[in-house]
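Notes to accompany the following structure.
The values are calculated or read from the model by the stated rules, or taken from the named source; none is laboratory data. Since we're looking at a predicted model, the values are computed, not measured. FYI the Cβ positions are ideal-geometry reconstructions off the backbone, even for glycines, and counts take in every protein chain you see.
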Amino acid sequence: MPFFLTPEQKQSAFWLALWLALALLLYTLGPILSPFIASAILAYMLGGAVDRLSSARMGKRGLSKPLMPRVVAVSIVLTAFVLGVLALVLIVVPVLRAEIPLLQAKIPAFFTKLDAMFSPWLAQYGIHVKLDSEGLRELLTRQVAASGDDVWATVLAKVRVGGSALLGWIATLTLVPVVVFYLLLDWHQLLARIQGAIPRRFLPKVTGMARESDELLAQYLRGQLLVMIVLAVYYSAALALIGLDVALPVGVLTGVLGFVPYLGFGLGMLLALVAALLQFAGWSAVIWVAIIYTVGQLLESFILTPRLVGERIGLHPLAVIFALMAFGELFGFAGVLLALPASAVLMVGFRHVRSHYLRSSFYNA
């Protein structure tokens, strides 16, 4: 009962309840945390470059002074990052704009091939339907004529939802650079405030765990960046060798999205398979695409990741999938961004808990 607790226990219970309330608030606000979590991750990634540019150097009189003001260093690093992202967009988008009309022109032939392949098989089961472009257009026209009101209601609802999502993405893209700028500018002050809020008796242990997490995350981020670059070059070159018209954008997209495990591989392979089906007449290109992505996945899993990233954050691939799904379910897209960094921190905490458990009298009794 509360009235049997000592004053120290009451104070501990109060702060525990306050932290639980804060965790519940963050869980409730999960859907709107995406830009802030993305900004924090970007600030962590770019913080090293800012520190190097603004680090102290020895002056003429032997006095230490910064190489440049931190606000200038932040502006340079953030500008370089934004220009790099824009350069990537300017490389991918024009190629897609040039290739999309070609793919659209091949869609009727693709549906004709699809009809020749599946219509006889469906006819064996009494299903008579034309899968070419004319047959699909006729089927769609009948459906629209039969339920026009429902279709228009659905379309209008999708437009409203899509418009809201578009505005949300525009707001996020506008907000992220601003948040990143202020986080980079006040990064060390923020860390000092967090450190100052930790109870003094826990400070050495928490500081040690924070350093371990920082080393683990730094290793993961540096290695993952190298893996992304190597994969982007490999997929772009391999798809170009088989003559795929969209080799460059699909290859770069596969490599860049590699920071989210299995997303880059899955989406890139899907886009490459569709492009191969639309561009080539036979199935040889589709088989080659499957071989390229299988080899790329083996290359990433057994050569690039062990050599460039090490053991990453010490999680089994199934645990990585579970972490992505669990954090995504709890926090949406913000959870996907947060999954691997949070898993790294949790792994550090788990190692300390396990070490404490193995030294405890409960285990050794």
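Within the stretch 44-71, residues that are within 30 Å of LEU216 (Cβ to Cβ) have Cβ atoms under 6 Å from residues that are at pLDDT 65 or above and in a strand (DSSP E or B) in these pairs: SER54/PRO66; ALA56/PRO66, counting only partners at least 6 apart in sequence or on another chain. Summed over the stretch 193-218, residues that are surrounded by 11 or more Cβ atoms within 10 Å (Cβ to Cβ) and either touching a strand residue (DSSP E or B) at 6+ places or on another chain (Cβ under 6 Å) or of a type in the set (Gly, Ala, Ser) (or both) total 4. Checking the stated criteria, LEU244 turns out to be part of a loop (DSSP other than H, G, I, E, B) and either modelled with pLDDT under 85 or surrounded by 15 or more Cβ atoms within 10 Å (Cβ to Cβ) (or both). Against the conditions (1) under 30 Å from the mean Cα position of the chain (by Cα); (2) loosely packed, with under 15 Cβ neighbours inside 10 Å; (3) at pLDDT 70 or above, ALA73 satisfies every one except (2). For the stretch 218-269, what are the residues that are polar (S, T, N, Q) and over 14 Å from the mean Cα position of the chain (by Cα)? Passing the criteria: GLN219, SER236.
Of all residues in the stretch 76-88, which are free of Cβ contacts under 8 Å to residues at least 40 places away in the same chain and surrounded by 13 or more Cβ atoms within 10 Å (Cβ to Cβ)?
If we filter the stretch 76-88 for residues that are free of Cβ contacts under 8 Å to residues at least 40 places away in the same chain, which is where we start, we get 76, 79-81, 83-87.
Result: ILE76, PHE81.
Scanning the stretch 229-241 for residues that are buried (at least 21 other Cβ atoms within 10 Å of the Cβ) and of a type in the set (A, V, I, L, M) yields a count of 3.
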